Amino acid sequence: MAIVVKAKLNSLSISPYKVRLVADLVRLKKVTKAREILSLSTKKAAASLLKLIESAVANAKNNFSLSDSELYIQKLTVDEGMALKRWMPRARGRATSLRKRTSNINLILSSSQKENKKTDKENKKIEVKEAEKPTIKEVKKEVKKNKKAD
């Protein structure tokens, strides 16, 4: 049975679009690999995501006695948080609105990667279908037999 560890980061003052660019790099990877990727990234969101992963790993160590070598990122979602509404002065005494967007990040770590049995079954079906496909040589032989029969 897999153990699941959760961590949240709310109201991060970086837009969700920018955070998702970094989150896509580490989604479904081992924690050790994710740390390497985030520590080498130059994006501002990488530091916040790294801190969130470290927090989740600390939860796993203290609460469940798990080592970070057996943990992987099962789910990483970046949702839109509250937007701060500000005004910017423009020409002729007008003002336009600015929406300073924030992000809510949800992270779920798991202790084993064999959670999703359905995908394993689907992968086996694909392998079986690929094995049943005839080769080019077999197709050419059948075409020759059909020509000789005519």
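Laid out as a table, the results:
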| item | result |
| --- | --- |
| Test: residue in the stretch 1-17 that is hydroxyl-bearing (Ser, Thr, Tyr), outside any helix (DSSP H, G or I), over 13 Å from ASN104 (Cβ atoms) and in contact (Cβ under 8 Å) with a residue 40 or more places away in the chain | no |
| Tabulated pairs, the stretch 60-75, first touching a residue at least 60 places away in the same chain (Cβ under 8 Å), second of a type in the set (Ser, Thr, Tyr) and part of a loop (DSSP other than H, G, I, E, B), C-beta under 8 angstrom, 6+ apart or interchain | PHE64/SER111; LEU66/SER111; LEU71/SER111 |
| Test: residue in the stretch 48-63 that is surrounded by fewer than 15 Cβ atoms within 10 Å (Cβ to Cβ), under 16 Å from the mean Cα position of the chain (by Cα) and in a helix (DSSP H, G or I) | no |
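Each value in this text was obtained by applying a stated rule to the coordinates, not by laboratory testing. Quick caveat: nothing in here was measured; it's all calculated off a predicted structure. A quick note on method: Cβ atoms are made from the backbone with ideal geometry, for glycine too, and the neighbour counts reach across all protein chains shown.
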